[in-house]
Amino acid sequence: MASSAAPAAETWLLENGNIKPLSKEMRHGHGRSRTAHNVSSSSLRKKSDLTLVRKVPCSIVRDVLANLQEVILGTKLFVLFIAIPFAILAHYQNFGRSWVFGLSLVGLTPLAERISFLTEQIAFFTGPTVGGLLNATCGNATELIIAILALTQHKVDVVKYSLLGSILSNLLLVLGTSLFCGGIANLSKEQKYDRKQADVNSLLLLLGLLCHMLPLMFCYAGVGESAAAAAVTAKATLLLSRVSCIVMLIAYLGYLIFQLWTHRQLFDAQAEENEEDDTVEEEEAVLGFWSAFAWLVGMTAVVALLSEYVVGTIEAASDSWGISVSFISVILLPIVGNAAEHAGAVIFAFKNKLDISLGVALGSATQIAMFVVPLSVIVAWIIGERMDLDFSLLETGSLALAIIVTAFTLQDGTSHYIKGLVLLLCYIVIGACFFFYNRPQNQPNGVNLGSSTDGIMRV
């Protein structure tokens, strides 16, 4: 009897004299929650071999080397870290502003994945709730930092373009690539996913779209009015945008309560299934709390530095490369900045684990639309910058069509490669549109009537 009970010691708990099954929450981090973002990011990590480090006699040096190996070499993207010192060198040695821009973009790629890793390490010590809140606020730290820095430099259009591009890339590029690759790799299987969290994210995205559409219609309702009336309309549009942003933040708070407390099982189910397949490799903390916190602060500071380089050199890169600022902001920034997260989503789609891929794509899009965008408007309000939710007709139309196409694509709970192909083609068409579209930057919002051949021009 004793020998037969021994193998089960890891999954049973002696409590008050009774043997009870040990729950998954108790076996894995005492309730630590692993969201789709955490699981996706873990696919790009690799286990560190600390054999040589352990031979170092000095404990302080040994701990420092172990931390460096876990944080810097613990990702498959570690080779991209070399771009960071080169970006700084290019900035101070005046190698060319386009070089600074390109190197900074490349350097941001591994940093985004490492921030996700560090927040997960902190979650081992803080519990699932605080860890989930950290993931909810730091999951798109790159976009938020770029937005705030651009606002301080009065580049409102860059903020709008980059945030719009992040939503479009998640809904069309990431989700489309995941569905397409997953469908091709699993032709003999019917791919299914849980519609419940997809429906929640789609509903929030539609609410965000409504908050974008109303300020746009507000502006166009005033076409043909006098200059004084147009100024009143612009002010009302700005006030409406700020109220809408407060509503969006309240909705996002409700989403966090829904995700982390009341319906947590909907968002953790897929991650728990993967524990049986050994796809989730990180089961123990490899960094101490204060080490992880210090690294997180340091990485965030580096992200802020590179983001400042990106914002300050984007026009120079546009002129040097012959590409419009709108295309760079809408297409290039989101692709490079979230490459690690996107790659993880595609990898799990290959493994026929679409719930993780959908959690990454839709979760990121929802986080940007319902948290980063309204927070950017509130920050602009605080610092005295005029930023509203009127993203102009072309940008808002692209957002609306992307959300509607995605919602229709995910309505039946099954997937095949043609759905992914359609989403990818939609993204290509929108990318081509912004490639040829070059609206003058940082112009005040409003609507003027041009000639009959020009139509309605936004200036």
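Region 310-334 and region 161-231 have their alpha-carbon centroids 23 Å apart.
Counting only protein heavy atoms and a probe of 1.4 Å, the accessible surface of region 300-394 is 67% carbon and sulfur. For region 183-195, 3J(HN,Hα) computed residue by residue from phi via the Karplus equation (6.51, -1.76, 1.60; θ = phi - 60°) reads x, 5, 6, 10, 4, 7, 10, 8, 7, 10, 8, 7, 6 Hz, glycine and proline entered as x. Close amide-amide hydrogen proximity is noted between THR75 and LYS46, each under 5 Å apart and 5 or more residues distant or on a separate chain (H modeled in the peptide plane; Pro and chain starts excluded). Take the cross-link list LYS76/LYS160; LYS196/LYS419; LYS351/LYS419 and give me the ones stretching past 24 Å between alpha-carbons. Result: LYS76/LYS160 exceed 24 Å.
The values are calculated or read from the model by the stated rules, or taken from the named source; none is laboratory data. As the structure is a computational prediction, the values presented were derived from the model and not from experiment. Remember, those area values only see protein heavy atoms, side chains included, never the ligands or the DNA or RNA. Shrake-Rupley method; radii C 1.70, N 1.55, O 1.52, S 1.80 Å.
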